[in-house]
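The values are calculated or read from the model by the stated rules, or taken from the named source; none is laboratory data. Quantities reported herein were computed from a predicted structural model and do not represent experimental measurements. Quick reminder, even Gly has a Cβ in these numbers, built from the backbone with ideal geometry, and neighbours come from all protein chains shown.
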Amino acid sequence: MDIEYLRRFRSALRRWYRQHARDLPWRIEMTPYRIWISEVMLQQTQVSKVIPYYHRFLAQFPDIASLADASEESVLRCWEGLGYYRRARQLHRAARLIVDQHDGTFPSDPDQLRALPGIGRYTAGAILSIAFEQRQPILEANTIRLLSRVFGVDGDVQRASTQQQLWQLAEQILPARKTGDFNQALMELGSQVCHPRRPSCSSCPLGKLCQAHSAGLQELLPVNRQKVNYESIQEAAVVVRDSRDRVLLRKCGDGERWAGLWDFPRFVLEPEQPDDRLQQQLANGVQQLTGVQIGLADLLATMQHSVTRFRITLHCYLASSRSSSRAAGNLRWLPLDQLDDYPLSSMGREISERLLAAAAPSA
């Protein structure tokens, strides 16, 4: 790479970042722990959504020791609504490993850091460069887009060869000092100016250095030939009440979509079936998951939501139990006012709020 080009690239990027860097909470006190929490939260999640969760999480778990000492359930409850709950479980496991294996001190060795759950090459690079000022490259969605356009990378970004090329570019452009600020500047420019659609090339400090802009290809890069095929499915969630007006919750097991969270008994539903067959499927589904027998179920609500590649139509039913089941490790019979104490899936929380609203005395 031409030295003069690289000098201009770095100078333009740094100057822009000094003027336009957002005042984000994780940039105030850039400790390894805080950078780690923010980077994990920001994975596949918008900054505006992360900020309140970041404040709440740090208020409850201000350091590694407090996070390691917490129960998984309390961590998931604090994370609830942010999605991709595997991230929270991995954070918790990693915190315990840091306490057990590193005396509670955040590791600065790249190999030790990447050995922790949930910390891959990008997250390790972000932590090491921002918190420890190590010369480590980063590559995530914003920088993939930025580097592909600036350097005219026209290979499919899902291919290993293109990924390797982009990682090499990310390392080549790194300065010897203040690499943390430089990496943050790359991400900031990608996020705020080099948009996926209709990039603001006229206000980009790298516009004169950008190969895609010069060739008019900024709308065509980066190349991503992977198409997501969305699958529509029907599901049922059954609110089961017992004679004491308690409702039944079930903890999702490892390998399930919301592992570690609690939910109302929930399962895939056959679409467009006669009522007698529907009632039988609801009864069978609840019994298979919980061992509890139910009576006829009434439809409470139908909701829609998306999870990764799934478009889910969720039919929520209310039924009374015909048999009781002891509260085994993954089952709880709870009064409505205790539902707030348990981490629920997003739709589980919405169902819970509807039940609480219906039970509230009218003014």
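Summary table
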read-out: Search result, residues across segment 44-64 that are loosely packed, with under 12 Cβ neighbours inside 10 Å and of a type in the set (A, V, I, L, M); value: Ala59
read-out: Conditions (1) more than 27 Å from Trp79 (Cα to Cα); (2) in contact with an Asp or Glu (Cβ under 7 Å, 6 or more places away or on another chain); (3) surrounded by fewer than 15 Cβ atoms within 10 Å (Cβ to Cβ); (4) not small (Gly, Ala, Ser): number failed by Gln281; value: (3)
read-out: Matching strands (runs of 3 or more DSSP E) fully within segment 228-274 where at least 1 residues are under 21 Å from Ala88 (Cα atoms); value: 247-251
read-out: Meets criteria (assigned to a loop (DSSP other than H, G, I, E, B), within 12 Å of the chain's Cα centre (by Cα) and either modelled with pLDDT under 95 or closer than 26 Å to Ser191 by Cβ (or both)) for Tyr53; value: no
read-out: Among the residues listed as Leu314, Leu282, the single one being in a helix (DSSP H, G or I) and either modelled with pLDDT of 95 or more or under 27 Å from the mean Cα position of the chain (by Cα) (or both); value: Leu282
read-out: Complete set of residues in segment 284-307 that are in contact with a Lys or Arg (Cβ under 9 Å, 6 or more places away or on another chain) and of a type in the set (Ser, Thr, Tyr); value: Thr290
read-out: Restricting segment 328-338 to residues that are surrounded by 13 or more Cβ atoms within 10 Å (Cβ to Cβ) and not basic (Lys, Arg), the residue that is modelled with the lowest pLDDT; value: Asn330
read-out: Selection within segment 29-60 - among the polar types (S, T, N, Q) and within 22 Å of Glu133 (Cβ to Cβ); value: Thr31, Ser38
